Amino acid sequence: MVELLAAKKQTVDERLEFLMRVADGPLSRQFSRPLRAYVAFWAARLHMEQGQVDRHERMLALALQLDPTNKAAAAATFSAISVDPDAALSDKAAALFTLFNADPLDPNTHEGIGNTLLAYGLYGEAFLWLSKSAELRVKLGGSPDVTLLQSTILAAWGDGNFETAQTILDILDPPRDPVAEQSDDWPPVDVLMLKAAVLTSKPNPGDLTTLHARIEKRLIDRTEGGQDTVAMANLVWSHLLLNKSLGAVPGLIDRIEAASGAKQDVLRGWLAVREGDAEAARSTLEPIKEIDHRAALGLALLPAEHGDGERVRLLMSVAQRSPEDIFGLMAVSRLRDLGVVFPESEDRVLLARLFGKLPGPMLEMEANPMRYLQLKVEPVKQLTRLGEPFEVSVQLRNVSQRPLSLGLGGTVPTQLMLLPKVKAGMEPASSLGPLTIDLHRRLRLDSGSVMSLTIPLETTHPIGAILSGVPTSHVQLDVVAVLNPYITEIGGVRSGLMGTTTQFRNMSRRATAINDKAVEGLIRQIGGADDQEALLAMVILGPWAGGANEDETRMVHVPKIAEAMSERFATLTPIQQALAVMSVPRREFGEEHFSAILERAAQSDRVDVRVAYIATRVKQSDHPVLTAALREPSGVVRDFADASLALVEMAEEQKAAMEAQQEVQEGFDPVEIDDLTSPAGK
């Protein structure tokens, strides 16, 4: 409603004025706080489009004040402050914490927190958040991407956990089978370079010749033109990091300098380090060590002239300047070997206090969602009679102490799948098609509040599938309900993150007894004043009239039933007429008595009535009603007629093929087969 009213405003200023009145003005008392927050965020976006940054920020703050679970406002706030070079880390961390609280199970937020911790050298804490992000992505039906896994490798490496880093590297780059064909396009070169850096930091890295050859093969084609300076630089670094093929490095550096027009002192200094020329390395790298952390790392790799003090200072400066790239991690790894820990700072203490561990409530929410949500699905009426709908009541209750955001992008999933199974009479139980419902009726579910709705199950199958069933049969319905469903590899249905499963049994429809007394009563009901009751009687008596058992009771009552239905037909609504047509017997024994109803239906100008007639009565491709429908230029009837014609022609072709096959079989003399198999025939 608010969106419709806002859309009627002619200018942006008028629209903003209206939104302000709803969010924090005279109209605000008529709306819930979550809706006002939604409107405030809408206004914030309009202000940003107008270049009104201060007003944009004020409306974002209002949105979060009204509803801390408004994830869109929290994300916009963090996005704005994260690119502000003047913003204090405390403000950025607070915005990130607000975003996390808005939706504690968003893997993107976990990844953002992990990368922030990684950038400040809090490797163990970063690993917790990054690995949890990967885990959540899997639980949401996806998978972690290369960038997330690379960050997780860096965090594990920085924390000194080489085994875990190697395990994740093996996921991205599985051990190669020397016999099987291997793809040369995977993994990305960045992953191979990271692998090289990790392995060279290990005490016993093993033989790195194969890894170097793979990197060289991937990059050498890209360097042939002499213009791809990034590829050439990566190739040089692969030689330098792995200490392989150093003879090729000077020529590559010359080509990079020629293509870029810039001196490559870092690369030349590192080459001197690898070649053992300490004097050349120092003269090249010392002047640039304060502006390029890679130069400082190269100097730290040289033999110490005056003990390890200078080496530690160099490594520490590298680690502090760039704790999240491979050169910073190489410095951290060497500092660990020297027994030196990363120095504390106010920023690191602040981040560790906010994100030092995964919050207990978030872990509980993930592991035990029933402590937060209660799903209740039950029949509105346990025992119904024919004609009454099978309706299900759904309740979703927040049983936690915190408000929870709903729907796409929220903490609480709102997709519900109902899986009904029906049993009629002595027939075996059969599964009906699943019904998927979106429960997103609110923006937020407050502590202790409940969201309720009623679902008619007739929508899970074609119209009349239960109503036109044999009325003398007892019908039983069982339903399984799955919140946040996903399909398993073997085709089953499970509940995903924050989801749950429940069920109920024995929702029943009474069997209707059919005897002389019951038939007479139902015929009178057809002629009564209540259209619904009349239609119910038709639905019961129509299928019974066309029953396979042509007993004396049926023979006596069918003409009376047909007469009563024909007289009442004209007073019914179009949809009731359509259902009446569907209830008319389809066997020749019963159908002949209902010609008056069928003629009216065939000539009806109502779409639903004609569709019901075509669906239940047309069995030949040259049927006059179908032919007339096919002449219509367009519309529902024409579309349905096209589909019906295709089905009828298919059935006619199958029938003709079966008759032809039967004629061949009937014309084949069995004696001829005996002759062929007899000794004489051989």
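Please identify the pairs in which a residue from the stretch 424-451 that is in contact (Cβ under 8 Å) with a residue 12 or more places away in the chain has its Cβ atom under 6 Å from the Cβ atom of a residue that is exposed (fewer than 12 other Cβ atoms within 10 Å of the Cβ), counting only partners at least 6 apart or on another chain.
The qualifying pairs are 447/401.
For the stretch 430-448, which positions are surrounded by 16 or more Cβ atoms within 10 Å (Cβ to Cβ) and touching a helix residue (DSSP H, G or I) at 6+ places or on another chain (Cβ under 8 Å)?
Selection gives 432, 435, 442, 443, 444.
What's the number of the only condition in (1) closer than 27 Å to residue 571 by Cα; (2) at pLDDT below 80; (3) in contact with a Lys or Arg (Cβ under 8 Å, 6 or more places away or on another chain); (4) not hydrophobic (A, V, I, L, M, F, W, C) that residue 527 fails to meet?
(2)
Scan the stretch 225-248 for residues that are over 45 Å from the mean Cα position of the chain (by Cα) and free of Cβ contacts under 8 Å to residues at least 24 places away in the same chain and report the count.
Here is the first cut: in the stretch 225-248, the ones over 45 Å from the mean Cα position of the chain (by Cα) are 243-248.
After this cut, where a residue has to be free of Cβ contacts under 8 Å to residues at least 24 places away in the same chain as well, the list is 247-248.
The qualifying residues number 2.
If we keep just the residues of the stretch 10-65 that are open to solvent by 70 Å² or more (accessible area, probe 1.4 Å) and in a loop (DSSP other than H, G, I, E, B), which is nearest to residue 79 (Cα to Cα)?
Ranking the candidates gives 50 first.
Just for the stretch 403-423: of the residues that are open to solvent by less than 40 Å² (accessible area, probe 1.4 Å) and of a type in the set (A, V, I, L, M), which one is modelled with the lowest pLDDT?
Applying the filter and picking the extreme gives 422.
Have a look at 243, 234 and point out the one that is under 17 Å from residue 326 (Cα atoms), surrounded by fewer than 17 Cβ atoms within 10 Å (Cβ to Cβ) and not aliphatic (A, V, I, L, M).
243
Is the stretch 113-125 home to any residue that is under 17 Å from residue 319 (Cβ atoms), free of Cβ contacts under 8 Å to residues at least 40 places away in the same chain and part of a helix (DSSP H, G or I)?
Yes, the stretch 113-125 contains a residue that is under 17 Å from residue 319 (Cβ atoms), free of Cβ contacts under 8 Å to residues at least 40 places away in the same chain and part of a helix (DSSP H, G or I).
Can you confirm whether residue 213 is in a helix (DSSP H, G or I), closer than 25 Å to residue 167 by Cα, open to solvent by 40 Å² or more (accessible area, probe 1.4 Å) and at pLDDT below 95?
Numbers: in a helix (DSSP H, G or I): yes; closer than 25 Å to residue 167 by Cα: yes; open to solvent by 40 Å² or more (accessible area, probe 1.4 Å): yes; at pLDDT below 95: yes.
Taking the combined requirement at face value, the residue satisfies it.
Condition check ((1) under 24 Å from residue 332 (Cβ atoms); (2) buried (at least 16 other Cβ atoms within 10 Å of the Cβ); (3) hydroxyl-bearing (Ser, Thr, Tyr)) across all residues:
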{"residue": "250", "(1), (2), (3)": "no, no, no"}
{"residue": "261", "(1), (2), (3)": "no, no, no"}
{"residue": "267", "(1), (2), (3)": "yes, yes, no"}
{"residue": "270", "(1), (2), (3)": "yes, yes, no"}
{"residue": "278", "(1), (2), (3)": "yes, no, no"}
{"residue": "281", "(1), (2), (3)": "yes, yes, no"}
{"residue": "288", "(1), (2), (3)": "yes, yes, no"}
{"residue": "292", "(1), (2), (3)": "yes, yes, no"}
{"residue": "295", "(1), (2), (3)": "yes, yes, no"}
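So residue 505 ticks every box in (1) open to solvent by 50 Å² or more (accessible area, probe 1.4 Å); (2) within 52 Å of the chain's Cα centre (by Cα); (3) modelled with pLDDT under 85 but one. Which box is left unticked?
Unmet for residue 505, out of (1) open to solvent by 50 Å² or more (accessible area, probe 1.4 Å); (2) within 52 Å of the chain's Cα centre (by Cα); (3) modelled with pLDDT under 85: (3).
Taking the stretch 389-402, which residues are over 11 Å from residue 373 (Cβ atoms) and either surrounded by fewer than 18 Cβ atoms within 10 Å (Cβ to Cβ) or in contact with a Gly (Cβ under 9 Å, 6 or more places away or on another chain) (or both)?
Correct list: 389, 391, 393, 401, 402.
Filter the stretch 82-110 down to the residues that are over 21 Å from residue 412 (Cβ atoms), assigned to a helix (DSSP H, G or I) and not aliphatic (A, V, I, L, M) and list them by number. Break it down into steps so the answer makes sense when it comes.
Start the filter on the stretch 82-110 by keeping residues that are over 21 Å from residue 412 (Cβ atoms), which leaves 82-96.
With assigned to a helix (DSSP H, G or I) added as a condition, the list becomes 82, 89-96.
Once the filter is applied, which keeps residues that are over 21 Å from residue 412 (Cβ atoms), assigned to a helix (DSSP H, G or I) and not aliphatic (A, V, I, L, M), the stretch 82-110 yields 82, 90, 91, 92.
For a quick check of your reading of the model, give me the residue pairs whose first member lies in the stretch 634-652 and is at negative phi and without any contact (Cβ under 8 Å) to a residue 24 or more places away in the chain, whose second is hydrophobic (A, V, I, L, M, F, W, C) and open to solvent by less than 60 Å² (accessible area, probe 1.4 Å), with beta-carbon atoms closer than 9 Å and at least 6 apart or on different chains.
Within 9 Å, the pairs are 638/629; 638/630; 642/629; 642/630.
For the stretch 579-590, indicate whether the set of residues that are out of contact with any Ser or Thr (no Cβ under 6 Å at 6 or more places or on another chain), of a type in the set (Gly, Ala, Ser), assigned to a helix (DSSP H, G or I) and without any contact (Cβ under 8 Å) to a residue 40 or more places away in the chain is non-empty.
So far as the stretch 579-590 goes, no, none of its residues is out of contact with any Ser or Thr (no Cβ under 6 Å at 6 or more places or on another chain), of a type in the set (Gly, Ala, Ser), assigned to a helix (DSSP H, G or I) and without any contact (Cβ under 8 Å) to a residue 40 or more places away in the chain.
If residue 79 satisfies every condition in (1) among the hydroxyl-bearing types (Ser, Thr, Tyr); (2) closer than 24 Å to residue 325 by Cβ; (3) buried (at least 22 other Cβ atoms within 10 Å of the Cβ); (4) out of contact with any Leu (no Cβ under 6 Å at 6 or more places or on another chain) but one, which is the exception?
(3)
When the residues of the stretch 355-390 are filtered to those that are acidic (Asp, Glu) and modelled with pLDDT of 80 or more, which remaining residue is farthest from the chain's Cα centre (by Cα)?
378
Check 511, 548 and return the single one that is open to solvent by less than 60 Å² (accessible area, probe 1.4 Å), at negative phi and either at pLDDT below 80 or not polar (S, T, N, Q) (or both).
511
Of all residues in the stretch 184-208, how many are touching a helix residue (DSSP H, G or I) at 6+ places or on another chain (Cβ under 9 Å) and open to solvent by 70 Å² or more (accessible area, probe 1.4 Å)?
Of the residues in the stretch 184-208, 5 are touching a helix residue (DSSP H, G or I) at 6+ places or on another chain (Cβ under 9 Å) and open to solvent by 70 Å² or more (accessible area, probe 1.4 Å).
The values are calculated or read from the model by the stated rules, or taken from the named source; none is laboratory data. Keep in mind it's a predicted model, so treat the numbers as computed, not measured. Counting neighbours? That spans all protein chains shown, and the Cβs are built from the backbone with ideal geometry, glycine included. Ligands, DNA and RNA are excluded from the accessible area calculation, which covers all protein heavy atoms including side chains. Shrake-Rupley method; radii C 1.70, N 1.55, O 1.52, S 1.80 Å.
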